[in-house]
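Notes to accompany the following structure.
The values are calculated or read from the model by the stated rules, or taken from the named source; none is laboratory data. Since this is a predicted model, take the numbers as computed values, not measurements. Methodologically, a virtual Cβ is constructed for each residue, glycine included, from the backbone with ideal geometry; neighbour enumeration extends over all protein chains shown. Please note that ligands, DNA and RNA were not included when accessible areas were found on the heavy atoms of the full protein model with its side chains. Shrake-Rupley method; radii C 1.70, N 1.55, O 1.52, S 1.80 Å.
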Amino acid sequence: MALLLDLANIVGGFLLAIALLRRLPRVGDDLGRFADRMAPFGWVVGIVALVTGGYYLLVHLISGPRVFHYEVVGLGVGVALLWDRLTGRRANRAEAPAGGGPVAADAATGVGLLLAIFGLIAIVVGIQGLFTPDG
């Protein structure tokens, strides 16, 4: 179950951070194409992040030892990925212009930039969770 939480943090963080990751030289275009293929399954990652983060939050609130940052980040990733389905409104993410061209160069600004930075944090937290013992 902990592995699901860590993988949901990593994959969900990747989907949230893609606005910044597209700007990386040499690999940005490839990461963008990979994220475009994964994007339709983002809601599944969001549900897994919410369920596993909520489960561990309840377990650690009830039986201790304390609440860890892994589950808080997992809940945040789940809410961010499911924002469209929870509220019925489109999240403010990087979108293509109305003419259908490539994503604008300043796509990672405002709320989109905040989500991208949170995505990078979620990736780091997920990787940290992979190397942290569960005991």
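With a Förster radius of 22 Å applied to the C-beta separation of residue 117 and residue 24, the computed FRET efficiency comes to 0.90. In terms of accessible area, using a 1.4 Å probe and ignoring ligands and nucleic acids, 131, 34 rank largest first as 131, 34.
Judged by the mean number of other Cβ atoms found within 10 Å, the most tightly packed of the peptides 114-123, 9-18, 59-68 leads the ranking 9-18, 114-123, 59-68. With all protein chains kept in place, the per residue accessible area of the chain amounts to 60 square angstrom at a probe of 1.4 angstrom. Between the C-alpha center of the range 107-128 and that of the range 22-58 there is a gap of 11 Å. Does a label point 7 Å from the Cα of residue 63, set along Cα-to-beta-carbon, have any residues of the range 1-31 with amide nitrogen under 15 Å, and which are they? 1-2, by backbone N distance to the label point.
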